[in-house]
Amino acid sequence: MLELLISLAEAVLDLWPSDRNRTINRRVRLLKECGVYEGLKERYGPVVLMNREFREFIYSEKVEDFADDWEKMEGFLHRLDGFVKREGL
């Protein structure tokens, strides 16, 4: 029961309109516009993509810098795959 309450509190914090969450949402939107997000959704599932650790990873990456460069995007996807495996998501 306590875990459920903690998860609920984390979800509220992730949805709270802060500068950090706006940045994360903007970067996720860029991934959607590039057509990469759907592939991530198929590969990892929606639960992983809404996970707090995943959102922190998106925040730490400058998606804006490589949204138009596929070579850099592939590097990002490689780092993301390693992150997901390392975190056990």
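Readers should treat all values here as calculations from the given coordinates under stated rules, not as data from a laboratory. Bear in mind that the values here come from a model prediction, so they are computed numbers and not experimental data. Glycine gets a Cβ as well: all are built from the backbone with ideal geometry, and neighbour counts include every protein chain shown.
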Which ³J(HN,Hα) values in Hz, rounded to whole numbers, follow from the phi angles of the range 25-34 under the Karplus curve 6.51 cos²θ - 1.76 cosθ + 1.60, where θ = phi - 60° and Gly and Pro get x? 4, 5, 5, 5, 4, 4, 5, 5, 5, 6
Among 36, 47, 63, determine the one that fluctuates most according to a GNM of the chain built with springs between C-alpha atoms less than 10 Å apart. 47
Hey, of (i) 77; (ii) 59; (iii) 55, which did the structure itself give for percent of Cα pairs over 16 Å apart when calculated? (iii)
Dipole magnitude (debye, nearest 20) for the chain, charges at Cβ of Lys, Arg, Asp, Glu: 160 debye
11 Å beta-carbon shell around residue 80, net charge (K/R +1, D/E -1): 0
Which lysines have a Cα less than 19 Å from the Cα of residue 62, not counting those fewer than 8 places away in the same chain? 32, 72
